[in-house]
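Structure record follows, encoded as structure tokens.
No lab work stands behind these numbers, since they all come straight from the coordinates. Computed from a prediction, not measured in an experiment: that's the story for all the values here. In this analysis, Cβ positions are derived from the backbone assuming ideal geometry, glycine residues included, and neighbour counts consider all displayed protein chains.
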Amino acid sequence: MSEQPFYGGQAVIEGVMLRGPRAMAVAVRKPDGTIAVHREETLPPGERWRGWRLPLLRGVASMIDSLTLGVRGLLISAEAAGEEKLEPHHAFLTVALAVVLAVGCFVVLPTLLAGLLAASLPKTGLRHLVEGMLRLTVLVAYVWSIGRLPDVGRVFEYHGAEHRVVHLMERGGRRTAAAARSLPVLHPRCGTSFLLFVVAVSVLVFSFFGWPGVFQRVLIRLALLPLVAGIAYELIRLSARSRHRLVRVLALPGLALQRLTTREPTDEQVEVALAALEAVAPPCYNPLEG
């Protein structure tokens, strides 16, 4: 019996990007109030190369694929929402700068700060634990601070709308804003939860390599990021598939962190997310309509 395909995506400028097994779609609320939908045929990484279906490798492939589609979705949404058009090379530079800042804030800074505390932390395992706590603190502080910006807060509302329509797809039934209204804005298979799993897994994986000098530590952490991401992805898949009590408990911290990256959407925002879903999902069968 084949597994039910995953649907997911991200919030973009005044809209939502959703990815299905064979296509991705970006739906955006235009300045005149209408909804623009852009759809593209896509193939999952596992169908481009069989190796990407293997555990751990599929996590790396998914991360790269999500980043690529995410940037593509942002470019499409910016143009549809009436923002200034962003040229591809500008987008590349923006993403490159974001990656550099992410590495600096979430890889280099925590291990530097933990290194300063190393003298008072004689046990290597404790140093790694403190480094992980510092990494988590930086992550939470970053998410909390950007969430206070009005424009980002609106993106977080569309993030909540995206989660609601994914829940709606997974549960079946009529796809309407009213039907989605009672569904959660939190979802176990979310990028926010993935980041939290990355932080937790990194503590365990990095601890196998001791506590060398700061330059070596940074290189080791960068080299191990694909492995950490692959393990975190498998945990996200498990939390989405399994209903075991222990798995549900492990998903709780990620759901708690999502309260900082999602907000209550309006019905109009959910309608935009539904437009993206209808573009990538099979038609919904309603027995009342024959």
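The table below lists the values:
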item: Proximal charge balance of PHE206 [Cβ under 14 Å; K/R count +1, D/E count -1]; result: +3
item: Value of relative contact order over the chain, rounded to a whole percent, pairs C-alpha under 8 Å and six or more apart; result: 27 percent
item: Angle between the chain longest axis and helix 124-146 axis [Cα atoms, degrees, rounded to 10]; result: 40 degrees
item: For segment 110-239: relative contact order, % (alpha-carbon pairs under 8 angstrom, 6 or more apart); result: 28 percent
item: Computed label-point distance, nm, for sites LEU54 and HIS167 using a 7 Å Cα→Cβ extension; result: 3.8 nm
item: Gaussian network model of the chain, Cα within-10 Å springs - most flexible of LEU112, LEU225, LEU93; result: LEU93
item: Segment 203-290: chymotrypsin sites (Phe, Trp or Tyr not before Pro) falling in loop per DSSP and having at most 14 other Cβ within 10 Å; result: TYR285
item: Loop chymotrypsin sites (Phe, Trp or Tyr not before Pro), segment 90-185 (other Cβ atoms within 10 Å of the site Cβ: 12 or fewer; DSSP); result: none
item: Net charge of Cβ neighbours under 11 Å - reference LEU183; Lys, Arg +1; Asp, Glu -1; result: +2
item: Two-site label geometry, VAL247 and VAL95: point separation in nm, points 7 Å out along Cα→Cβ; result: 3.1 nm
item: Cα-based equivalent ellipsoid of segment 158-255: semi-axis lengths in Å, sorted from largest, via gyration tensor; result: 35, 13, 10
item: Area projected by the alpha carbon convex hull of the chain, averaged over all directions, nm²; result: 17.4 nm²
item: Point-to-point label distance, VAL108-LEU204, nm (Cα→Cβ direction, 7 Å offset); result: 2.9 nm
